[in-house]
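J.: Below you will find the structure I want to go over with you.
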Amino acid sequence: MLDILVAGGGYVGLAVAAAIKQAAPHLAVEVVEIAPEDAWRRDPRASAIIAAASRMLDVLGAWQAILPEAQPIEKMVITDSQTGDPVRPVFLTFDGEAGAAGEPFAHMVPNVAMVGALLDACARFGVTVRNGVAVSGFSTGEASTEVTLSNGEQRSTRLLIACDGVRSKLRDMAGIKHIRWEYGQSGIVTTVEHERPHNGVAEEHFLPAGPFAILPLKGNRSSLVWTERTPDADRLVAGDDFLFEEELERRFGQKLGSLRVAGDKRAFPLGLTLARAFVAPRFALVGDAAHGIHPISGQGLNLGFKDVAALAETVVEADRLGLDIGSLAILERYQTWRRFDTFRMGVTTDVLNRLFSNDIGPVRLVRDLGLGLVDRMPALKSWFIGQAAGVAGPGDPRLLAGTAL
């Protein structure tokens with residue numbers, strides 16, 4: 001019988017398996033993932049990894065493998081304008097360090113590098129990773145959960161961890177209800193090359209259709225997270241690169257020279273999803289299966305890594321005390337640890353998106369005044385940088401502070 005079965009072999013699923021197995025090597029941990037083997041190598045996207053998450057990845061031995069591909073974000077610039085404005089006035093800038101001297105508050109990391117490093121960590125710690133198979137059903141008993149895999153195989157586990165995404169089928173199978181509403185927006189994700197260096201500067205332009213984020217990658221490349229109304233996003237992604245680049249230049253501007261699309265263009269519908277519970281007997285939701293938020297703050301994946309740190313510490317400490325790692329009483333500690341932070345971030349991103357994704361004159365005036373005031377208050381800016389970096393405080397999971405379990 002397995003101790004832990006993780007359903008979902010993305011960054012969050014691999015990270016939670018590696019974190020638990022590193023601290024409790026005697027536990028039998030397995031990851032199943034429906035994607036074909038090596039499918040992750042074709043992922044063109046990149047993700048913003050905050051300082052707290054990079055500290056956890058360092059404890060897992062993955063960060064040193066990721067670091068050569070990681071681009072530090074040295075500065076964040078925020079503007080508020082209309083699409084056709086010739087000048088985008090800067091209302092707020094963030095530049096500084098997170099906690100430790102010289103530590104950027106975030107890095108941009110290609111997803112390929114991150115998944116590869118986490119797969120290596122799992123192999124090093126003895127986690128079994130199986131591709132091409134998924135959980136198709138399960139039934140929970142008093143001492144274990146009986147799991148049926150998509151190939152017909154039966155597995156028994158003390159704890160089933162669902163990391164199967166924002167439209168989680170396992171969440172529904174567990175009878176956990178969730179709230180969701182759509183924004184009528186889609187996030188266009190792609191990579192562009194440009195003539196001039198970005199110098200580690202990330203920019204977020206608040207435009208009437210939604211935020212347009214330019215995030216630096218290694219070399220003269222940047223990752224885009226471009227929010228548009230869904231019909232417009234679908235049209236842009238389906239069109240040819242020339243027309244796409246014309247629309248891109250209207251938003252991106254000329255400061256980095258000529259632009260060229262250097263990766264696949266994809267559009268993802270945006271909404272807010274919050275599970276009403278994160279746990280059930282012998283069952284836990286982690287990452288997007290528990291919460292899906294707007295990318296306006298760049299915190300979606302990092303919320304999942306915070307889940308990883310909290311669940312791993314909960315499970316490992318229970319195991320060391322000889323307690324049942326799948327019992328609801330144990331898992332509720334994880335739920336208590338994570339629900340408020342998740343709810344707070346979900347509400348914050350929802351309010352920010354509604355506040356900034358419009359062109360109402362009085363609203364623009366108030367929000368620009370607010371941004372300007374923050375920009376002139378160093379103490380408040382430092383607090384925001386700490387929040388953005390996820391710097392761990394007393395009572396936070398130890399992995400987020402870079403401390404091994």
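J.: Name the residue, out of Gly165, Gly152, that is at positive phi and either more than 23 Å from the chain's Cα centre (by Cα) or among the aliphatic types (A, V, I, L, M) (or both). Outline the logic, then answer.
T.: Working: Gly165 fails: either more than 23 Å from the chain's Cα centre (by Cα) or among the aliphatic types (A, V, I, L, M) (or both).
None of the other options fit; the residue is Gly152.
J.: Could you please give the count of residues in region 198-244 that are at pLDDT 90 or above, within 17 Å of Asp350 (Cα to Cα) and of a type in the set (Phe, Trp, Tyr)?
T.: Summing the residues that are at pLDDT 90 or above, within 17 Å of Asp350 (Cα to Cα) and of a type in the set (Phe, Trp, Tyr) in region 198-244 gives 2.
J.: If you go through region 101-159, how many residues are of a type in the set (Asp, Glu) and in contact (Cβ under 8 Å) with a residue 40 or more places away in the chain? If you could, list the steps in order and put the result at the bottom.
T.: Taking region 101-159 as the starting set, the residues that turn out to be of a type in the set (Asp, Glu) are 103, 120, 142, 146, 153.
Next, only the ones that are in contact (Cβ under 8 Å) with a residue 40 or more places away in the chain stay: 103, 120.
The number of residues fulfilling the criteria is 2.
J.: OK, next. Kindly indicate which of Ala233, Ala310, Ala318 is assigned to a helix (DSSP H, G or I), in contact (Cβ under 8 Å) with a residue 24 or more places away in the chain and more than 21 Å from the chain's Cα centre (by Cα).
T.: Details: Ala310 fails: more than 21 Å from the chain's Cα centre (by Cα); Ala318 fails: in contact (Cβ under 8 Å) with a residue 24 or more places away in the chain.
None of the others qualify; the one that does is Ala233.
Here is a yes/no grid of residues against (1) in contact with a Gly (Cβ under 6 Å, 6 or more places away or on another chain); (2) buried (at least 19 other Cβ atoms within 10 Å of the Cβ); (3) on the phi < 0 side of the Ramachandran plot; (4) at pLDDT 85 or above:
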| residue | (1), (2), (3), (4) |
| --- | --- |
| Ala101 | no, no, yes, no |
| Val109 | no, yes, yes, yes |
| Met114 | no, yes, yes, yes |
| Val127 | no, yes, yes, yes |
| Ser136 | no, no, yes, yes |
| Ala143 | no, no, yes, yes |
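J.: Which of the residues belonging to region 71-99 are of a type in the set (A, V, I, L, M) and modelled with pLDDT under 90? Give the derivation first.
T.: First pass over region 71-99, keeping only residues of a type in the set (A, V, I, L, M): 73, 76-78, 87, 90, 92, 98.
Matches in region 71-99: Met76, Val77, Ile78, Val87, Val90, Leu92, Ala98.
J.: Could you list all residues from region 255-287 that are of a type in the set (Val, Ile, Thr) and within 25 Å of Val315 (Cα to Cα)?
T.: From region 255-287, those of a type in the set (Val, Ile, Thr) are 261, 273, 279, 286; that's our starting set.
Matches in region 255-287: Val279, Val286.
J.: Filter region 291-339 down to residues that are β-branched (Val, Ile, Thr) and surrounded by fewer than 24 Cβ atoms within 10 Å (Cβ to Cβ) and give me whichever is nearest to Val59 (Cα to Cα). Don't jump to the end; show me each part of the working.
T.: Here is the first cut: in region 291-339, the residues β-branched (Val, Ile, Thr) are 293, 296, 308, 314-316, 325, 330, 336.
If we keep only those that are surrounded by fewer than 24 Cβ atoms within 10 Å (Cβ to Cβ) as well, we get 316, 325, 330, 336.
On the way: Val316: 15, Ile325: 22, Ile330: 24, Thr336: 24 Å.
Across region 291-339, the extreme among qualifying residues is Val316.
The values are calculated or read from the model by the stated rules, or taken from the named source; none is laboratory data. Note that this is a predicted model, so its numbers are computed, not measured. As a convention, Cβ positions derive from the backbone with ideal geometry for all residues, glycine included, and neighbour counts pool all protein chains shown.
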